[in-house]
Structure formats: C-alpha cells, structure tokens
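None of the figures in this text is laboratory data; all of them are computed from the coordinates on show. The structure displayed is predicted, hence computed values, not measured ones. Here the Cβ positions follow ideal geometry from the backbone for every residue, glycine too, while neighbour counts run over all protein chains shown.
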Amino acid sequence: MLELFLTNPTELQLRTVDALPSPKGDEIKIKTSYGGICGSDVSVYRGKLPHATYPLRPGHELVGTVIEAGPQASYPVGTRVVILPNTFCGECDLCLKGHTNICRHKKSLGVNSNGGFSEEFVISSKFALSLPDDLPDEKAVLIEPLAVVVHAFKKVNITKGTSVAIVGSGNEGMLASALAYYLGAHVTAIDINPKKLEIIKSIGDINAVYPSDIHDETFDVVIEAAGVRSSVEQGIELVKPGGAMVLIGMTPEANIPVIQLVRKELTLLGTIIYNFPSDYQQTIEYLQDPNLNISPIVSKIVPLTEYQSAYESALSGDYGKIVFKF
Ligand SMILES: [Zn+2]
Ligand SMILES: [Zn+2]
C-alpha cells in the first residue's frame, strides 16, 4: 500500500510498504477515503511543532470504511467512520472529569504517533465514530477540524445577533466564520491575506477585512485563530466591555494589558481540540444541515500521488482546506 512518510522535517515522500497486519482486539482496519491537510500538518512538515516526533506518517483528519475488524471491535466491516486522532486513556483524573481533550496521556496521530495519510491504517475502534448515511465522506472529512470550533464556541454564547470577530482566516478561522454565521451572529473575519478574505466572502454575508480596517469597533466575542502575537494583542482591544476572547491559535506568548482586562471585566478563554464523542456528534448534526455553508472552505481535492502540489498549496497559505482523495 501507499503511504506518505516524513523522515525529518521537510523530507516528505510517498512510499510503498507491506500490507498491514490484521487488526487485533478492539482494532479496526480502515480503507481511507479522504484526509484533510491541517495547519498542524504544515507545522509538523516545517518542524515547527515542539511535540512532533520523527520519522512519522502524517495525517489526522481522516474518514474511511472499516475493511477488517478485530474480535472486540465496536464496528463491523463496511461501517463508514471518522477518526478521533487524539487518544485519551479514560482513566486519569482529567478523563474522569470528562476532559478527554486534555488527557494526561494523550497521543496525537500524525504529530507524535503515526497518522493516516495512507491507503489503509489500523486503529482502536474506541477512536472512531460511525457516520450517518446522509453525511457523505467529502463533508465528513471536516468533522475533526470543525469539532475544534464547536468545542471553542461552547465556552461562550454565540447566537442570533451576537457580534463576533474572528481574527485569522486559516482553516479553523474559516470554519469559525461559517459556523458563527450559521448561528445568526454578525461576523467580522480578519486576515492579512486578500485571497482568504475572498473565500470568507463567498460563505455568506460576512464582513471580511484587513486588521487595519478595524478602528473603534468592538465585539461581544472575539475568536483568536491566527496564532500570532499581534493578533492576540489586537484581539484583546476588540473585545467589548464584559465580553470574551476565545483563543484557538497557539501563540507562545503575548502582552496582556491586565488593567484593561480588569476594568472592562473581560474573559480570556483557552480551548484545545474537542471532547469525544459529544463534540463530534454535535459537529455531525451541524454538517447534516445544508444551511451551514462550508463548501467554499474546501479549496482543492487532490489524489495522494499529487502530495507535493497538495503540500505546496497548504504551505502557501493562500487556500482554504486541501483534501486528499485516496
Ligand atoms: Zn487538524
Ligand atoms: Zn486520560
């Protein structure tokens, strides 16, 4: 079978390896149908993610069909599934409180354990969720990245009429714009790249602007999805008194104007991935509704053999989601 393999940062190859052994215990073997390239795949490729380990098979936004099942597997052969690429132990104090997203023993597929940019892979069926028949694979490949936004939005109240600013229009920022718009919010999306702003505008009636276009306006909720210091610092300025900023981006550090935070009674919230399966289930419900317009966010669907151009597009930062079709 074919798999992508990263020997070291930037040393990416497509190689042929032996067929995988049969699944054991609760494992399932999956024939991959679609796999999305994430911002973190780009960071792993560049060697910019501190907890990444090499050599590594990348890829974690994965959808496919069970083609072989171990004796204790939760799903029979033929089930279409989406993967949970961040494992959890289910036993540590944080898991027992329901915070599987911050499990003390978490492993991340495609970051510090082998991912699934391969024609087939084997995984515990604990880390898979079956898909409803009315959700096609090409939409289901967005479950994992959209679940990050669904989880983040649970920290605040975004509803009809809420004013929301989304700082950064990468994949997560675009998905956040689409979901906030779907929920009836007045959405302002901010990015420095005009190509990204064009994509955002095709989602719906969203105010897509450069950072310098924002002057005195403030917002009930700010979502920081750029992961750069300046956008965190601008983001705080954009929060209305009594409002909140949710941070999805991973900025190592930024200046927090504490007196402003105190006097305006602002709330800053960190958020990481999602809880499983609740956030995945909620995300599937959203994706089943055709009123959630996410189709402009998928910029390219390319075969695995064209991995070089797919990675180049993702690295350029000029596109929405780039998806492999296996
Ligand atoms: Zn991802
Ligand atoms: Zn745990």
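Could you pull out the GluC sites (Glu not before Pro) across the stretch 175-252 that fall in loop regions by DSSP (anything but H, G, I, E, B) with no more than 13 other Cβ atoms inside 10 Å?
Taking the stretch 175-252 and a limit of 13 other Cβ atoms within 10 Å, the loop GluC sites (Glu not before Pro) found are 217.
When a/c is below 1.5 the answer is rounded, else prolate if a/b is larger than b/c, else oblate, so apply that to the stretch 268-324 with a ≥ b ≥ c taken from the square roots of the Cα gyration tensor eigenvalues.
prolate
Which number comes out as Rg/Rh for the chain once both Rg and the Kirkwood Rh are worked out on C-alpha atoms?
0.97
Is the shape of the stretch 96-208 rounded, prolate or oblate, going by the alpha carbon gyration tensor and its root eigenvalues a ≥ b ≥ c, with a/c under 1.5 for rounded and a/b larger than b/c for prolate?
prolate
Spin-label point model (7 Å from Cα, Cβ direction): what's the residue 201 to residue 67 distance in nm?
So the label points at residue 201 and residue 67 sit 4.4 nm apart.
Explain nothing, just compute: Karplus ³J(HN,Hα) = 6.51 cos²θ - 1.76 cosθ + 1.60, θ = phi - 60°, for every residue of the stretch 82-98 in order, whole Hz, x for Gly and Pro.
10, 9, 8, x, 10, 6, 9, 7, x, 10, 6, 4, 6, 4, 5, 8, x
What net charge do the residues around residue 319 carry, taking every other residue with its C-beta under 9 Å from that of residue 319, with Lys and Arg at +1 and Asp and Glu at -1?
Taking every other residue near residue 319 into account, the sum is +3.
With a sphere of radius 12 Å drawn around the Cβ of residue 290, what net charge do the other residues whose Cβ falls strictly inside it have (Lys, Arg +1; Asp, Glu -1)?
Net of charged neighbours comes to -1.
How would 18, 318 line up from fewest to most surrounding beta-carbon atoms within 10 angstrom?
18, 318
Order these by the 10 Å Cβ neighbour count, fewest first: 88, 5, 117. Walk me through the numbers on the way to the answer.
Numbers: 88 22, 5 19, 117 29.
Sorted ascending by nearby Cβ count, the order is 5, 88, 117.
Roughly what % antiparallel, to the nearest 5, for the DSSP beta bridges in the chain?
Restricted to the chain, the bridges split so that about 55 percent are antiparallel.
Going Cα to Cα from residue 106, which lysines come in below 29 Å? Please leave out same-chain ones fewer than 8 positions away.
Excluding near neighbours in sequence, the set is 24, 29, 31, 48, 97, 126, 139, 154, 155, 321, 325.
Any idea how far the Cα center of the stretch 215-266 sits from the one of the stretch 78-129, in Å?
31
Does the stretch 1-127 come out rounded, prolate or oblate, given a ≥ b ≥ c as the square roots of the eigenvalues of its C-alpha gyration tensor, rounded meaning a/c under 1.5 and, failing that, prolate meaning a/b above b/c?
Note, shape of the stretch 1-127 comes out oblate.
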